[in-house]
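The values are calculated or read from the model by the stated rules, or taken from the named source; none is laboratory data. Owing to the predicted nature of the structure, the values given are computational and were not obtained by experimental measurement. Virtual Cβ from ideal backbone geometry, glycine too; neighbours counted across all protein chains shown.
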Amino acid sequence: MIDIFHRMTFRGGIHPPEEKDRTKGIPIQTIPLPEKVVIPLSQHTGAICEPLVKVGDIVKKGQKIGEGKGSITSTVHSSISGKVVDISPHPHPLGSDILSIIIESDKKDEWVDSLTENEDYLSIEPAKLKEIIKDAGIVGLGGAQFPTHIKLSPPEGDRVEYVIINGAECEPYITSDHRLMVERASEIVEGLKIIMRVLSAKKGFIGIEKNKPDAIAKLKAQSSKLKAHIEVVGLNVKYPQGAEKQLIKSILKKEVPPSVFPIEAGVVVNNVGTAYAIYNAVRYGRPLIERVVTVTGNGVKDPGNLLARIGASFEFLIQNCGGFSGEPEKVIMGGPMMGIAQYTLKVPAIKGTSGIVVFSKNPPSSPFNKGGQGGLYQPCIRCGRCVDNCPMGISPNLYGLQAERGMIDEAYNWDVMDCIECGACSYVCPSNRPLVQFIKYLKAEVKKKQK
Amino acid sequence: MEKDKKTSLLLLTPAPHIRAEESVRELMFSVIIALIPAALAGVYFFGLQAILTLCIAATSSILFEFAYQRMTGSKNTVSDGSAALTGLLLGLNLPAGFPWWGTIAGSFIAVILVKHLFGGLGFNIFNPALAARVFLLISWPLQMSTFPKPAPIFSGIDAVTAATPLTVVKTLQLSHDLTKSVESVTEINWFDLLIGNRGGSIGEVSTIALLIGGIYLIYKKTIVWHTPVSFILTTTIFSTIFYLINPKMAANPVFHLLNGGLFLGAFFMSTDYVTSPITKRGMLIFGAGCGFLTALIRQYGSYPEGVSFAILLMNMTVPLLDKYLRPRKFGG
């Protein structure tokens, strides 16, 4: 009965405008094949892949074209069939230029021959399942892009009891996970079952913010027969509900400290897109070559949720949504809270691209003129909003002052390293202070000192 | 390359790409709006003199900020509303009819000495308006404790001066006159105390108007309840204790609640962001400290009123409270 009083939430957090109405009701669209794809050899945390093909090679859809060496790495695959026309550094949505394989389509879209289907996928040995997941190039699709097979490998002696599927999707604007949950509910539940088998976990949860009642209903219907093992949990609508440890807190009521990995606390969290990709890889042998990308914002003519091939350019995806509406001011990969502004539309959609948000110049949708101060910021007035809203319970106001004065050791002592960079502090700051930037600067300086 | 030219114009700024609308100016103006009922009550009871004092205080504060920033070549921040708010608060803390030159001196102390010489908005240790008020009180004690008797604007009664109820109590306490009791010297009309028909500073007299403004601020989430509630509650608790110790020489807690500058101090002065703690736990302790010192000074000090001193003293503890009462860390 205690549970009735437990609010499905965590301390702190903010309520930015959701802005999801543009796309939440629009089904996932299949779009024409791109003529060209750019497959960056790094779409994951860890060692960059080495190309397995040469310029001039003919490749098939789903063919492995890059593989990394070392313990933390992943693989990449061609998302279309065609010819390798170039292997060179290319603009990457995370910022710098990354060695990428550029493939021109032969317009046949032929799968590679070696796909192994498994009808009885739930009887495959866990070790073999992990291998399939690694070979399919599956990484965290929520944005972090951490290689999933490593996430599913608990350290010696740690037992994983719970698996949580993250369907919170707390970033404003983005609805790719929402649509996937509504339209691919059974596949997501099967994916969860596979993950639970890999980890021999006893219970699985699917956590979804309550602003997606249709997704909750669909997944509840899918998992109703499995009540003892899988539970769908409606979560309070609050940013950053989808942050890994905040999600664990909301569902399991336990706070995993910053220095502890969730897996050491017996929990593994995976995004709904990841669960779906795992199902596709294990059941049909299909590697991760496409994902749902929400293309939205007031700068896009016909916002929608596209089933996008990895490597398709932002320009191509935006064109498939009717192009720009008005002049674009800013193009963001991901949501507006943690996404990354792009300087070129030539960047490709990668595995972590949950959305492309376009702000138009007119009307401007981002309030840069807060308080008539232009893009400038004012001194901290100690209002305490950043402290109140910090989901980690640390002190962003101080980090701002410490960064301005170069007080690196003090910042370290005040736990600046525990910041998850969710941006809630910058969002609420009435003085418009760039607190996340201050924090990133301090973290970089602390790391320099530690070396 | 044509396309590149166009896309190179995309704005590259770091996340988050959206911001809440609330700005410093909005916060300052919501406090100013919340002070309107108290200011109106002051004007109603003290008439033209009150309007003059308020106007002089606000205008001179704004001018001092403008002049200081002009002379030092720093950015003009008059538009953020904080100088206007400081001026208004200072005016509300003065008796109606306080000499105009004194008011201007107060603005100078608040804006130049207490705020800008300490680094400007965000860096001052003491509440500017209160520090100025205390400076004026010590420098010109007579003028600062000459309160006009409230004469509702259209009543046609000429203003005469009157001691505040707290002063009456203090005078008795200091006289050691054992033949009288506090109760015998205080005439209490609860309704008058509630609406503000009593002697006092322009903005402190109307408890009900201050309460309306305070609730507005809490409702608007401009302030949180922790400091004012803790402040008022602790004042009540300790004035009850002092009353129980010596009922003859102490005013009862309800009298303390409705007199002096308690509500103005609790809702508008002790909640100043810059000079109060940043965490809620800190605010509770800060408020309690203010409350205890207020009750203590009123009962045992040589000044009739202790709210200003209490808040200024507690202002000094804020860095310590912030240092030792950190927010609870996630997972900690």
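Quick notes on this one:
- Those residues of the stretch A:405-451 which are assigned to a loop (DSSP other than H, G, I, E, B) and away from chain B (no Cβ under 13 Å), in sequence order: A:Gly406, A:Met407, A:Lys451
- Residue among A:Ala228, A:Ala275, A:Ala215 that is in a loop (DSSP other than H, G, I, E, B) and farther than 28 Å from A:Tyr412 by Cα: A:Ala228
- Selection count where residues are within 13 Å of chain A (Cβ to nearest Cβ) and not in a helix (DSSP H, G or I), scope the stretch B:76-93: 3
- Criterion: in contact with a His (Cβ under 7 Å, 6 or more places away or on another chain) and either on the phi > 0 side of the Ramachandran plot or touching a residue at least 60 places away in the same chain (Cβ under 8 Å) (or both) - qualifying residue of A:Pro303, A:Pro336: A:Pro336
- Residue ID - modelled with the highest pLDDT, chosen from residues in the stretch B:1-25 that are more than 7 Å from chain A (Cβ to nearest Cβ) and either outside any helix (DSSP H, G or I) or closer than 30 Å to A:Gly13 by Cβ (or both): B:Leu9
- Boolean, B:Leu284 is part of a helix (DSSP H, G or I), within 14 Å of chain A (Cβ to nearest Cβ) and farther than 30 Å from B:Leu142 by Cβ: yes
- Any pair with Cβ under 8 angstrom, 6 or more apart, that starts in the stretch A:146-162 at a residue that is in contact (Cβ under 8 Å) with a residue 40 or more places away in the chain and ends at one that is in a strand (DSSP E or B) and hydroxyl-bearing (Ser, Thr, Tyr): A:Pro147/A:Thr73
- Test: residue in the stretch A:88-99 that is in contact with a Cys (Cβ under 9 Å, 6 or more places away or on another chain), within 19 Å of A:Thr353 (Cα to Cα), aliphatic (A, V, I, L, M) and surrounded by fewer than 24 Cβ atoms within 10 Å (Cβ to Cβ): yes
- Scanning the stretch B:222-260 for residues that are outside any helix (DSSP H, G or I) and at pLDDT below 95 returns B:Asn246, B:Pro247, B:Lys248, B:Met249, B:Ala250, B:Ala251, B:Asn252, B:Asn259, B:Gly260.
- Among all positions in the stretch A:154-176, there is at least one residue which is part of a helix (DSSP H, G or I) and surrounded by 15 or more Cβ atoms within 10 Å (Cβ to Cβ).
- Residue in the stretch B:237-252 that is over 13 Å from the mean Cα position of the chain (by Cα) and within 14 Å of chain A (Cβ to nearest Cβ) present: no
- Hey, A:Leu307 in a helix (DSSP H, G or I) and either more than 18 Å from A:Ile28 (Cα to Cα) or out of contact with any helix residue (DSSP H, G or I) (no Cβ under 9 Å at 6 or more places or on another chain) (or both) or not: no
- When A:Ser354 is tested against (1) small (Gly, Ala, Ser); (2) at pLDDT 95 or above; (3) touching a Phe, Trp or Tyr at 6+ places or on another chain (Cβ under 9 Å), exactly one condition is not met: (3).
- Entry remark, the stretch B:12-31: residues being surrounded by fewer than 19 Cβ atoms within 10 Å (Cβ to Cβ) and among the hydrophobic types (A, V, I, L, M, F, W, C) number 2 in total.
- Single unsatisfied condition, B:Thr164 versus (1) modelled with pLDDT of 85 or more; (2) under 19 Å from the mean Cα position of the chain (by Cα): (1)
- Failed item in (1) within 14 Å of chain A (Cβ to nearest Cβ); (2) within 30 Å of A:Leu435 (Cβ to Cβ); (3) at pLDDT below 95, with B:Gly73 passing the rest: (1)
- Per-region count, the stretch B:307-332, residues more than 14 Å from chain A (Cβ to nearest Cβ) and either of a type in the set (Val, Ile, Thr) or free of Cβ contacts under 8 Å to residues at least 40 places away in the same chain (or both): 5
- Of the residues making up the stretch A:61-87, those that are basic (Lys, Arg) and surrounded by fewer than 20 Cβ atoms within 10 Å (Cβ to Cβ) are A:Lys64, A:Lys69, A:Lys83.
- A:Phe316 vs. criteria in contact (Cβ under 8 Å) with a residue 24 or more places away in the chain and farther than 26 Å from A:Thr274 by Cα: no
- Conditions (1) outside any loop (DSSP other than H, G, I, E, B); (2) small (Gly, Ala, Ser); (3) under 14 Å from the mean Cα position of the chain (by Cα); number of the one not met by A:Ala281: (3)
- Selection count, the stretch B:286-323, where residues are among the basic types (Lys, Arg) and either more than 18 Å from B:Pro253 (Cα to Cα) or surrounded by fewer than 18 Cβ atoms within 10 Å (Cβ to Cβ) (or both): 1
- All of B:Thr86, B:Thr53 fail the test of being under 26 Å from B:Ser206 (Cβ atoms), touching a Phe, Trp or Tyr at 6+ places or on another chain (Cβ under 8 Å), surrounded by 24 or more Cβ atoms within 10 Å (Cβ to Cβ) and not hydrophobic (A, V, I, L, M, F, W, C), apart from B:Thr53.
- A:Leu247 vs. criteria of a type in the set (A, V, I, L, M), crowded, with 22+ Cβ neighbours inside 10 Å and over 27 Å from A:Glu131 (Cα atoms): yes
- For A:Lys253, the test of being surrounded by fewer than 24 Cβ atoms within 10 Å (Cβ to Cβ), over 21 Å from the mean Cα position of the chain (by Cα), more than 12 Å from chain B (Cβ to nearest Cβ) and in contact (Cβ under 8 Å) with a residue 60 or more places away in the chain is passed.
- Selection within the stretch B:106-131 - of a type in the set (A, V, I, L, M), in contact (Cβ under 8 Å) with a residue 40 or more places away in the chain and surrounded by fewer than 22 Cβ atoms within 10 Å (Cβ to Cβ): B:Ile112, B:Ile125
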